[in-house]
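Below is one structure, written out as structure tokens; the observations come after it.
The values are calculated or read from the model by the stated rules, or taken from the named source; none is laboratory data. None of these values were measured; they are calculated from a predicted model. Cβ: placed from backbone, ideal geometry, glycine included. Neighbour counts: every protein chain shown. Remember, those area values only see protein heavy atoms, side chains included, never the ligands or the DNA or RNA. Shrake-Rupley method; radii C 1.70, N 1.55, O 1.52, S 1.80 Å.
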Amino acid sequence: MSSVLRVSVLFILVHSVFSTDSNDLFFKKYYSSSVLGLVKLLKMEQEFMENFSVYANILQEKVDNLNIFLDALKRPNHNTHNEREKFVSNPLNAFGLIRRLNQDWPKWQNYSQKQLGLGQLNAMQDIVSAAPESFDMNEKLKAMHRIETTYDLQPKNISKGLLQRTEFNYKLTWRDCLALAHHKFKIGEFQRSLLWFQEALKINTNGSLEIINNLQEMELKNFATDVAKRSIYLSNEALTNETIDKLANSQLQDAKPIDLEQLISSNLKRWIKDSSTTPPTNHNIGCRGLFPRKTNLVCRYNSSTNAFLKLAPLKMEEVSRDPYIVMFHEVISDKEIEEMKGEIKEMENGWTGLEDPKEIVSSVYWITEETSFSKRINQRISDMTGFKLEEFRAIQLANFGVGGYFKPHFDYYTERLRGVDANNTLGDRIASIIFYAGEVSQGGQTVFPDLKVVVEPKRGNALFWFNKFDDSSPDPRSLHSVCPVIVGSRWTITKWLHYAPQLFVKPCSPRVRKE
């Protein structure tokens with residue numbers, strides 16, 4: 001156990017990075033980082049809608065009661081003084097008039113002013129106070145951009161619910177498309193911004209409620225204001241921000257929606273001419289499934305790693321022979337996956353790395369205390385690899401959000417990792433293994449960009465590879481990444497296998513260099 005405690009400092013630094021930043025970015029939990037967080041949001045929205053519906057019914061009941069009372073008082077209009085005098089000259093009418101004004105109308109006045117549905121209003125306020133903040137919104141905008149650009153998807157298809165070759169029964173709204181267009185503008189993607197803006201303009205918003213129309217006009221003006229500010233700045237870069245703000249506000253003061261639309265479109269078209277396109281990276285090419293297919297690789301039963309496998313051999317698929325990468329099939333059951341989720345107490349933010357800019361792309365949880373589940377998984381890893389795990393029993397669980405990914409990186413220690421793990425006594429990470437424990441129908445592949453190898457995250461399988469050469473020097477070909485998740489919940493169990501415990505299992509040997 002002492003080894004686990006020693007190394008736990010590394011876990012915290014690498015995967016739940018501490019910060020003294022005043023905005024508490026590192027400690028705060030975010031919904032966008034995992035499907036698990038999004039499920040919580042869905043429950044929140046359902047609860048909000050239930051309270052909103054009850055509140056609306058209470059208000060409708062109030063309106064109905066007022067209308068019933070008014071209907072009971074319906075009578076011919078008394079437009080002239082003579083008609084009114086004749087009406088009140090009748091003792092029955094006079095009595096009823098005085099009684100109503102003395103007894104009924106004060107009560108109805110109080111009833112009309114009485115706040116109803118306070119329980120629902122308070123419940124909705126509590127939900128709104130826990131709603132996603134701007135960080136979550138920005139992360140989800142970045143995730144949508146990541147999906148769009150990595151897989152080269154077109155806004156006209158995404159807006160209609162077509163993701164790659166799968167069509168979903170959901171279409172983006174005018175406000176959805178405008179938010180994406182505005183985000184693309186902010187990050188300098190003018191071509192994509194224009195495409196999204198054009199998709200927004202195609203959506204018919206006629207007949208919307210006045211409050212919806214007001215919101216749309218406000219958002220359109222915010223977008224147009226940012227575009228106007230950039231245009232003014234480019235015309236005279238010596239202007240101060242304050243002057244630019246004043247000029248932009250003056251320019252748009254009396255602008256109608258059609259004027260705002262024209263300003264946005266014309267400027268985006270103008271700026272597209274000055275922008276350049278970036279060729280796709282190997283990471284993107286792999287995610288799009290465009291790597292050439294490997295040949296001369298085989299699938300077989302592995303029964304030789306240890307004695308137990310002679311009785312229960314494992315299905316093993318070669319992914320690459322040099323460097324050595326294999327996929328073990330059907331090595332974790334659905335029952336064990338549910339057991340895995342039951343191990344989780346509270347997940348932490350999972351980051352793409354320690355360097356800036358930092359992005360939260362998953363939620364992670366470390367099982368550091370030995371449980372029946374972790375003991376079984378560690379034994380299975382030992383059976384699969386032949387490595388000893390007694391000194392390092394902790395395993396990492398992770399759940400990626402929609403659009404969650406991981407940048408190309410090495411698992412072996414770079415200078416950056418050595419700096420945060422100066423007290424590590426287990427040695428470098430000579431190998432890695434990932435169990436795929438989620439249902440991912442689109443995206444989420446593991447890519448080795450330099451090898452032009454891509455692996456689908458099939459539920460129940462496990463991917464194993466070496467990060468080091470036989471002489472323990474780093475193998476840069478082990479560079480790997482994770483494609484953005486398009487559809488599905490990507491759960492993984494990850495284990496890094498360190499050098500020190502394997503000293504006699506896999507001793508260093510001279511590196512064989514191929515001519």
Query raised in the report: Hey, what angle do you get for helix 257-272 against the long axis of the chain, alpha-carbon based, 0 to 90 degrees rounded to 10?
Result: 20 degrees
Report task. Output the direction-averaged projected area (hull surface divided by four) of the convex hull of the alpha-carbon atoms of region 221-316, in nm². Result -> 13.7 nm²
Query raised in the report: Bin by bin, in steps of 5 Å, what percent of the Cα pairs in region 70-223 do you find, going until the bin that has the longest distance?
Result: 2, 7, 11, 12, 11, 9, 7, 5, 5, 6, 6, 6, 6, 5, 3, 1, 0
Query raised in the report: With every protein chain present, what is the per residue accessible area of the chain (1.4 Å probe, Å²)?
Result: 56 Å²
Requested in this report: Using only Cα atoms, find the angle between the long axis of helix 174-186 and the longest principal axis of the chain, and express it within 0 to 90 degrees, rounded to the nearest 10.
Outcome: 50 degrees
Query raised in the report: Which translational diffusion coefficient, to the nearest whole µm²/s, is obtained for region 32-110 from the Stokes-Einstein equation, given a Kirkwood hydrodynamic radius over C-alpha pairs, 20 °C and 1.002 mPa s?
Result: 126 µm²/s
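When the helices in the chain are scored as -39500 (n - 2.57) per DSSP H run of 4 or longer and the sum is shared across all residues, what 222 nm value do you end up with, to the nearest 500 deg cm²/dmol?
Values: 18 runs with 230 residues, N = 515.
Mean residue ellipticity, 222 nm, calculated: -14000 deg cm²/dmol.
If you roll a 1.4 Å probe over the chain with all protein chains in place, what percent of the accessible area is carbon or sulfur? Numbers along the way, then the final one.
On the way: 15520 of 28860 Å².
C and S atoms contribute 54 percent here.
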Query raised in the report: Which of the pairs LYS294/LYS452; LYS29/LYS171; LYS156/LYS221; LYS142/LYS458 have their Cα atoms more than 18 Å apart in this structure?
Result: LYS29/LYS171; LYS156/LYS221; LYS142/LYS458
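Where does region 431-498 land on the Kirkwood hydrodynamic radius, alpha-carbon pairs, in angstrom? Walk me through the numbers before you get to the answer.
Values: mean 1/r = 0.0793 Å⁻¹.
Roughly 12.6 Å, rounded to one decimal.
Using 0.36 nm per residue, how much length does the chain from SER265 to LEU97 gain when fully extended, once their Cα-Cα distance is taken away? It would help to have the intermediate numbers written out before the result.
Numbers: separation 168, 0.36 × 168 = 60.48 nm, distance 6.33 nm.
Full extension from SER265 to LEU97 adds 54.1 nm.
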Report summary line: Expressed in Å to one decimal, the Kirkwood Rh of region 145-190 from all distinct alpha-carbon pairs is 11.1 Å
Report summary line: Between the Cα axis of helix 134-150 and the main Cα principal axis of the chain, the angle (0 to 90°, nearest 10) is 60 degrees
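Rounding to the nearest 20 debye, state how big the charge dipole of the chain is about its Cα centre with +1 on each Lys and Arg Cβ and -1 on each Asp and Glu Cβ.
Details: 65 positive and 62 negative charges, 187 e Å.
Its charge dipole is roughly 900 debye.
Tell me the volume per residue, in Å³, of the convex hull enclosing the alpha carbons of region 278-383.
Details: hull volume 19.4 nm³, N = 106.
Given the Cα convex hull of region 278-383, per-residue volume reads 183 Å³.
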Query raised in the report: Whose amide H sits under 5 Å from the amide H of GLY438, counting only residues 5 or more places off or on another chain, with H placed in the peptide plane?
Result: GLY460, TRP491
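Explain nothing, just the number: relative contact order of the chain, from Cα pairs under 8 Å at least 6 residues apart, as a whole percent.
Values: 715 pairs, mean separation 86.2, N = 515.
Once divided by the residue count of the chain, the mean separation gives 17 percent.
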Report task. Over the alpha-carbon set of the chain, divide Rg by the Kirkwood Rh and report the Rg/Rh ratio to two decimals. Result -> 1.13
Query raised in the report: Where the centroid of each part is defined by its Cα atoms, how far is region 449-488 from region 295-325 in Å?
Result: 17 Å
Query raised in the report: So what is the relative contact order for region 221-362, in percent, with contacts set as C-alpha pairs under 8 Å and at least six apart?
Result: 11 percent
Report summary line: In Å³ per residue, the alpha-carbon convex hull of region 104-160 encloses 140 Å³
Report summary line: Long-range share for region 185-258, i.e. C-alpha pairs more than 15 Å apart as a percent of all pairs, stands at 63 percent
Requested in this report: Please express the Cα-Cα pair-distance distribution P(r) of region 230-276 as a list of whole percents, one per 5 Å bin, running from 0 to the bin with the greatest distance.
Outcome: 5, 19, 24, 24, 20, 9, 1
Query raised in the report: What is the calculated FRET efficiency for LEU70 to ILE203, with r their C-beta to C-beta distance and R₀ = 51 Å, to the nearest 0.05?
Result: 0.80
